[in-house]
Amino acid sequence: MIGAVDIGGTKIAVGIVDRDGQVLARAECPTDPQRGPADGLERITALLHGTAAQAGATLTGIGVGCTGPVYPLTGTIGDVPFLPGWEGLRLVDELAARFGVPAAMENDADAVALAEAQWGAGRGVSAFIYVTVSTGIGAGMVFDGKLYRGVDGAHPEIGHHVIDASGPLCTCGARGCWESLASGPALAEWFRATYPGALAPGPVDARQICAAAERGDPRARAAVDRLGTYTGLGLANLVTLFVPDVIALGGGVMQSRHLFWERVQDTIRATCRLVPHERVRLVPAALGSEAPLAGAASVWLHRYGAA
Ligand SMILES: [Zn+2]
């Protein structure tokens, strides 16, 4: 039984997951990062004890998926925008000491990529990429069963590869990152700037725009067409660079992909002429709402499961 911890900007989820990726017990609390890292650690510890008791489980390890940047090889939290003041927390060492079992941590997109590779959309394939599109764009790559890492274990920031150097300013400081063009907030921002006051008196969000596109509103259609082009360009770059067997797509924006999927496919066809792009399967992510906890568990399995 593996203790699984998923740390996001708004909530911390904790669960007990078995070696088949089944979540046997779960609990959560608001992240409340302003309460500080020591308080966060106490709450994670309490939730782990509680869910383990609920599942009648003895933990063999603890896996963590955390919104990044994190340092997977030292198990330390980095300068995470959603976790101000938590930088330097040696979460993996702390949990390992408290529970007397090995622990491991990865960026949350990498965690879900590992779970999808093990139990979901990437099962049995050798080159697998997971992409999640919601308030940001995250991705993880699993090649031949191993998570791809860069220097010092760094997580590649695929959501921040530049697609249009004259594009909007991104939260990371660059211009025209994939995330600044094809995330949910990017869709909403473009819509509000192009059609001020349209659809609702207040600021409209991605969900409202997709609903309006569904009804055939021409302004919302234009916005999701543009989203499809930029989603397609980012995916086309992944296809050209890696020609993976499978790209699995998760996140809230992708739940509306039928609105812009044709545009995505047209863009890939027009862009990826030198590689067998038609062989790359683009599929929905398979693990659903428990993916983050399954992901945290597979972080541990990936690191220690074979031992
Ligand atoms: Zn960026």
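When LEU282, LEU259, LEU249, LEU293 are checked against the criterion of being in contact (Cβ under 8 Å) with a residue 60 or more places away in the chain, within 26 Å of THR135 (Cβ to Cβ) and in the same structural domain as GLY234 (by TED's automatic domain parsing), a single residue qualifies: LEU249. Screening ASP110 with (1) more than 20 Å from the chain's Cα centre (by Cα); (2) more than 16 Å from the ligand (Cβ to nearest atom); (3) among the acidic types (Asp, Glu) gives one miss only, at (1). Consider the range 143-171 and keep the residues that are among the charged types (D, E, K, R) and not in a strand (DSSP E or B). The one that is farthest from THR240 (Cα to Cα) is ASP152. Among the conditions (1) part of a helix (DSSP H, G or I); (2) within 30 Å of VAL92 (Cα to Cα); (3) under 16 Å from the mean Cα position of the chain (by Cα), the only one that GLY234 does not satisfy is (2).
Across the range 172-184, the qualifying residues are those that are surrounded by 24 or more Cβ atoms within 10 Å (Cβ to Cβ) and not in a helix (DSSP H, G or I), and the one among them that is nearest to the ligand (Cβ to nearest atom) is CYS177.
Of the residues contained in the range 46-63, one or more are found to be of a type outside the set (D, E, K, R) and closer than 21 Å to MET141 by Cα. Residues considered: THR74, THR58, THR10, THR45. Of these, the only one that is outside the structural domain of LEU147 (by TED's automatic domain parsing), surrounded by fewer than 18 Cβ atoms within 10 Å (Cβ to Cβ) and touching a helix residue (DSSP H, G or I) at 6+ places or on another chain (Cβ under 7 Å) is THR45. Here LEU147, LEU169, LEU187 are screened, and the one residue that is away from the ligand (no atom under 14 Å from the Cβ) and either within 29 Å of HIS302 (Cα to Cα) or in contact with a strand residue (DSSP E or B) (Cβ under 8 Å, 6 or more places away or on another chain) (or both) is LEU147.
The values are calculated or read from the model by the stated rules, or taken from the named source; none is laboratory data. Just so we're clear, the structure is a prediction, and the values are computed from it rather than from any experiment. For neighbour counting, all protein chains shown are included, and Cβ atoms are generated from backbone atoms with ideal geometry for every residue, glycine included.
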